[in-house]
Amino acid sequence: MKWTMIFFLFFITTKTVWADCGYNLDTPTLTYNFSDYNPTIQSTVSITRTKDNGVPCSNFFIAFTKGWAGSYNRRATNLSNGGYIYYNIYKNSNLTGILKEPSDISSPDETFFGTIIKDQTNFYTYYMSLAPFGSTPPAAGAYFDDIQVQAYSGTYTNINGFEGYRDMFIYIVVLKFTSISLVDSGGTYDPTKTSKTLDFGELATGEELSFDVRVVSNAGYRLKISSSNNGLLKFSGGSGSPSEISYSFYSNGSQIALDNSSSSPVTIASGSGVTPAQGAKVPIRIVIGTVDSTKLPGTYQDYIILSTIATD
């Protein structure tokens, strides 16, 4: 099962307070849907000059405040549980040039700036990216931050005056998700590993193979299993006991009965809350039953399906 994490981002702006130059900022309301761990999006801020108050208004720059984090390690906060999702806003598409407050701007890459005449509108593209997640995936819920987008006349090295702002409210909504991967024993979560073949070679009584299921979830999980042959390896084309070999299935050290699991999947593990980023470990062991001379020669197989759902 593929791990799909979906983010909805909303940018909402409020009314603006203006001064002598009649600058008008516009940051459109945006909604984004993402299915990536660290999506990058782009948006546009525009500035229009509505007054002709002389040369001091001909130069401008645009600044972005730190938001609730109080630093340029910006973050959106889940008001229900206090969790964070870290992000930042950049001038450049290669995610360089963090956009900053006036007192912190030390480079042209940290602000938008230019010249403008009456009734002219300038447009500037900026980029937003989520920071890599830490030891756990983000919990499901809504995350919020508030950044002021500010307009100034003059230059960032020689400010003429503060001309106004728009509040840019940032909402990041993380949906509940859960995902599994099938890895070698001791391996960590790998979203590309969603299937596994166990090849026993020439079957022998008591032969066994192991692997791990890693479950990643931000809202609890229940892991279920179903066996197409209800816990039997079967020889294609045969019938009855001579074409069937039983096996024992163990999850977390406990034997799991797979009888009727083809129609009624069996729960083999569960958990609550947020798992580690490397996944909750569910060790699996399969032990071959009796193999004797009554069994038909050939290839025996079974198909097992593992599935998981979020439970919180």
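Every read-out reported here was derived from the displayed coordinates using simple, explicitly stated rules and does not represent laboratory data. Fair warning: this is a prediction, and the values are worked out from it, not measured in the lab. Because the Cβ atoms are built from the backbone with ideal geometry, glycine has one as well, and the counts that use them run over all protein chains shown.
Normalised by the empirical 2.2 N^0.38 Å for globular proteins, what value does the Cα Rg of the stretch 7-174 take? Write down the numbers at each step before the final one.
On the way: Rg = 16.4 Å, N = 168, 2.2 N^0.38 = 15.4 Å.
Dividing the Cα Rg of the stretch 7-174 by 2.2 N^0.38 Å gives 1.06.
Return a single number: how many Lys pairs in the chain, at a sequence separation of 8 or more or on separate chains, have alpha-carbon atoms below 15 angstrom apart.
10
Where does each of Ile62, Ile85 land when they are ranked from fewest to most other beta-carbon atoms within 10 angstrom? The partial results should precede the final answer.
On the way: Ile62 26, Ile85 22.
Ascending Cβ contact count within 10 Å gives the list Ile85, Ile62.
Calculated FRET efficiency, Ile117 and Leu79, Cβ-Cβ r, R0 41 Å, to nearest 0.05?
On the way: r = 43 Å, r/R0 = 1.06.
Once rounded, the FRET efficiency stands at 0.40.
Pick out which of Lys91, Lys196, Lys224 has the largest mean-square fluctuation in a Gaussian network model of the chain, springs linking Cα atoms closer than 10 Å.
Maximum fluctuation in the GNM of the chain, among the listed residues, is at Lys196.
Which value in nm describes the separation of the simple spin-label points at Ser270 and Ser239, placed 7 Å from the Cα toward the beta carbon?
4.1
Could you list Ser195, Ser264, Ser129 in order of exposure, starting from the residue whose Cβ has the fewest other Cβ atoms within 10 Å?
On the way: Ser195 7, Ser264 10, Ser129 16.
Fewest-to-most ranking of Ser195, Ser264, Ser129: Ser195, Ser264, Ser129.
Taking R0 as 30 Å, what's the FRET efficiency between Gln148 and Val55 from their Cβ-Cβ distance, rounded to 0.05?
On the way: r = 27 Å, r/R0 = 0.89.
Given R0 = 30 Å and the Cβ-Cβ separation, E is 0.70.
Could you tell me the center-to-center distance, by alpha carbons, between the stretch 110-184 and the stretch 222-298 in angstrom?
49
Calculated FRET efficiency, Thr205 and Ser185, Cβ-Cβ r, R0 35 Å, to nearest 0.05? Walk me through the intermediate numbers first.
Numbers: r = 22 Å, r/R0 = 0.63.
Efficiency at R0 = 35 Å is approximately 0.95.
Taking 7 Å along the Cα-to-C-beta vector as the label spot, tell me the Asn260-Ser106 distance in nanometres, rounded to one decimal.
Reported label-point gap for Asn260 and Ser106 is 7.0 nm.
Could you work out the percent of alpha carbon pairs in the stretch 188-227 separated by over 14 Å, rounded to a whole number?
On the way: 504 of 780 pairs.
Value for the stretch 188-227 (Cα pairs over 14 Å): 65 percent.
How much length is gained on full extension from Asn252 to Arg285, taking 0.36 nm per residue of separation minus their Cα-Cα distance?
11.0 nm
Order 246-258, 275-287 from most to least packed using the mean count of other Cβ atoms within 10 Å.
Numbers: 246-258: 15.5, 275-287: 18.2.
Ranked by mean Cβ neighbours within 10 Å, highest first: 275-287, 246-258.
How big is the C-alpha Rg of the stretch 84-214 next to the rule-of-thumb value 2.2 N^0.38 Å, as a ratio?
Details: Rg = 25.4 Å, N = 131, 2.2 N^0.38 = 14.0 Å.
Relative to the rule-of-thumb radius for its length, the stretch 84-214 sits at 1.81.
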